[in-house]
Amino acid sequence: MLNQFSRTELLLGHEAMEKLKDSTVAVFGIGGVGGYVCEALVRSGIYHFHLIDDDKVCLTNLNRQIIATRSTVGKYKAEVMRDRILDINPDAEVIIHRTFVLRENIDDFPWEKFDYVVDAVDTVTAKIAIIMKAKEKGIPVISSMGAGNKLDGSKFNVADIYKTRVDPLARVMRRELKKRGVKGLKVVYSEEKPRRPINDMSISCRTHCICPPGAAYKCTEKRDIPGSTAFVPSVAGLLIAGEIVRDICSIEAAPRVV
């Protein structure tokens, strides 16, 4: 029967579409990368989502985050993404967890329900917590490395964390995961050397923060506030979504031409 996923089924087949429909994906971090992961997955036929984020859409998100529009500024990202998913597929099931990931609350999520985990958060501490818990539970996990301060989306690759190079976040993650005995981790990373953002305080969140008073999380608390574009984090998110679909459907990726 013709339906909204018919064009995808022409490529993947009916059995694969049933696997996607029955799978539950947890996306930690609904930002520039995580938003595009969700977008591509719901359009690919994933029906079950857990969205984990406690941030709100900010004016400065409009340049790169698919959920960011003038009408969504100030709304919780997880709630906006949920509504967008349901607008694309009203039969989808979307559970939101309005919280930031910490080592202290990592056990609070329903890990037994997850078939695949996406790490699209910013902090090393949270990334480590997510990855270690997914590994402990035997759940496939894919992690996004740095997408900020970069301009060339073609430099992204999918690889094991121990085969990455150039990416500064991947370097830190390799060291931390090695300490913890993690033997491998699928990541999306860029081999583009990060640029230094322009030091212009007139356009910096550091001196012109527009987060509401009392916000639980502010970008001004970051050691560095990265520059960003619309066409780099989106690439990372779409690559992650593609890996998830292929893994769930047991489809080998085509060899990459170097």
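If you go through the range 48-63 one residue at a time, do you hit one that is touching a Leu at 6+ places or on another chain (Cβ under 8 Å) and of a type outside the set (A, V, I, L, M)?
yes
Would you be able to say whether some residue in the range 182-192 is part of a helix (DSSP H, G or I), surrounded by 12 or more Cβ atoms within 10 Å (Cβ to Cβ) and within 22 Å of the chain's Cα centre (by Cα)?
Scanning the range 182-192, I find no residue that is part of a helix (DSSP H, G or I), surrounded by 12 or more Cβ atoms within 10 Å (Cβ to Cβ) and within 22 Å of the chain's Cα centre (by Cα), so the answer is no.
May I ask you to verify whether L239 is outside any loop (DSSP other than H, G, I, E, B), touching a helix residue (DSSP H, G or I) at 6+ places or on another chain (Cβ under 8 Å), within 15 Å of S143 (Cα to Cα) and at pLDDT 95 or above?
no
Picking from T69, T60, which residue would you name as being surrounded by fewer than 20 Cβ atoms within 10 Å (Cβ to Cβ), within 23 Å of K127 (Cβ to Cβ) and of a type in the set (V, I, T)?
Result of the check over T69, T60: T60.
Please verify whether the range 74-88 includes one or more residues that are of a type outside the set (D, E, K, R), in contact (Cβ under 8 Å) with a residue 12 or more places away in the chain, buried (at least 18 other Cβ atoms within 10 Å of the Cβ) and assigned to a loop (DSSP other than H, G, I, E, B).
Checked the range 74-88: no residue is of a type outside the set (D, E, K, R), in contact (Cβ under 8 Å) with a residue 12 or more places away in the chain, buried (at least 18 other Cβ atoms within 10 Å of the Cβ) and assigned to a loop (DSSP other than H, G, I, E, B).
If you check S202, S154, which single one turns out to be at pLDDT below 95, surrounded by fewer than 12 Cβ atoms within 10 Å (Cβ to Cβ), of a type in the set (S, T, Y) and not in a loop (DSSP other than H, G, I, E, B)?
S202
Go through the range 11-52 and report how many residues are part of a loop (DSSP other than H, G, I, E, B) and either in contact (Cβ under 8 Å) with a residue 60 or more places away in the chain or under 15 Å from R84 (Cα atoms) (or both).
9
Could you tell me whether any residue of the range 51-65 is farther than 22 Å from N149 by Cα and of a type in the set (S, T, N, Q)?
no
The values are calculated or read from the model by the stated rules, or taken from the named source; none is laboratory data. Keep in mind it's a predicted model, so treat the numbers as computed, not measured. When we count neighbours, we look across all protein chains shown, and the Cβ atoms used for this are built from the backbone with ideal geometry, even at glycine.
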